[in-house]
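Below: the structure, in structure tokens.
Where a number appears in this text, it was derived from the coordinates with a stated rule and is not lab data. It should be emphasised that the depicted structure is a prediction, and the values quoted were computed from it without experimental measurement. Every residue, glycine among them, receives a Cβ derived from its backbone with ideal geometry; neighbour counts consider all protein chains shown.
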């Protein structure tokens, strides 16, 4: 199966599926974009289901290190359980204002199963497969825009606009808030700017292919319109090689130490490294040196470091160079002690879970036995019930001072009946 997003580096997302009221979580919104990209590349089976591996979704969200498959399942279920209003601004004339689900059927995935299966809504599937009006969404944006909750939906709105060579977007505050799922919130522009606009644009300008600025329009001193100025940044040119390096480059390159075949996961990881300007030689060497799990650990470590240091004196200016160095030198790969600690922690968690299951099973057996004993007891004549209660108090006189209605005395009596006291057969 092909990766969720492949070259070229842009997803063609229909405008109708960009302009919608974004009441879903930002993770679900990102997964929706990945679903569009995936279904444009893959074919459905005879029953109409598309299939995608959970680890591919994790990779596209930048979760290589955590492999949070449970959150992926929750995102698909959130998308399946929610109806959405599409084509909010009426700019996609493929269909009018439409309200429906993106996914109409979901093969319920388990926490251990590796694949999610789903069907698209019949009104949305044709425009996903062949969009007439669409925005070009940079494929890495779902993984890159993590610092602000509203950066991703705002990026899609701006990218959709610049995709039609319209570098100026004029939008009312009411429409923008409705699009972002903020209707009725942040009535003061200063708060909206502080909590939503500034952090989102800072994240977009720092991490994506867009450069955006804005200005405000006011009516009676109230900001009611925003005007965004958008530019799509060109891809960075590769540095010019020195004369010495050029001579070396002209000589026939040695054959790559490529195995006869890579697994699907290994090939997908190699493709991902290639998109980060890591040479094939370095990528293959990393896999052979560290293994897939070790290389993924390093990749996840680099992503975390890039985000953690952003805006500090230690900010990583050249992420590709830093990634290449970490892959060569093994920075970020977990040591044996770390892995042993994780194994011990997992074993302890499994033992605790097993103990809880054992206690739950024992309690269930006890409850079943107690219910059976009490059923037999209540079926006895009153005189025999009184005789048994008297025998219980003689055997365990400590309960004689407790009222008959006491919960603890009742439980002790039930245990006695089921044990040494017994019931007549």
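The table below lists the values:
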item	result
Per-selection Kirkwood Rh - the chain (Cα, Å, 1 d.p.)	26.5
For the range 260-317 and the range 374-408, distance of Cα centres in Å	71
With Cα atoms, 0 to 90° folded angle of helix 198-207 axis to the chain main axis	60
Once the Cα gyration tensor of the range 1-139 is diagonalised, semi-axes √(5λ) in Å	23, 16, 15
The chain: most fluctuating residue of 130, 213, 405 per GNM, C-alpha cutoff 10 Å	405
Shape call, the range 138-197: gyration tensor on alpha carbons, a/c limit 1.5	oblate
Pairs of alpha carbons in the range 267-332 whose separation is greater than 18 Å (percent)	29
The range 1-139, relative contact order [Cα under 8 Å, separation at least 6], %	36
Ranked list, fewest to most other Cβ atoms within 10 Å of each Cβ, for 409, 221, 376	221, 376, 409
Percent RCO, i.e. relative contact order, over the range 65-110, from Cα pairs under 8 Å lying at least 6 residues apart	37
Within the chain, helix-based [θ] at 222 nm, where runs of 4 or more DSSP H residues each add -39,500 (n - 2.57), nearest 500	-15500 deg cm²/dmol
Per-residue Cβ neighbour rank within 10 angstrom, fewest leading, 70, 327, 388	70, 388, 327
Ranking of 177, 99 by count of other Cβ atoms within 10 Å, fewest first	99, 177
Convex hull volume per residue for the range 63-140, taking Cα atoms only, in Å³	119
Choice from 372, 96, 206 showing the highest fluctuation, given a GNM over the chain with Cα pairs closer than 10 Å	372
Cα centroid separation, the range 59-78 to the range 160-206 (Å)	27
Prolate/oblate/rounded call for the range 337-418, Cα gyration tensor, a/c under 1.5 rounded	prolate
Candidates 361, 64, 384: whichever shows maximal mean-square fluctuation once the chain is modelled as a Gaussian network with Cα springs under 10 Å	384
The chain, relative contact order in percent, only Cα pairs under 8 angstrom and at least six apart counted	12
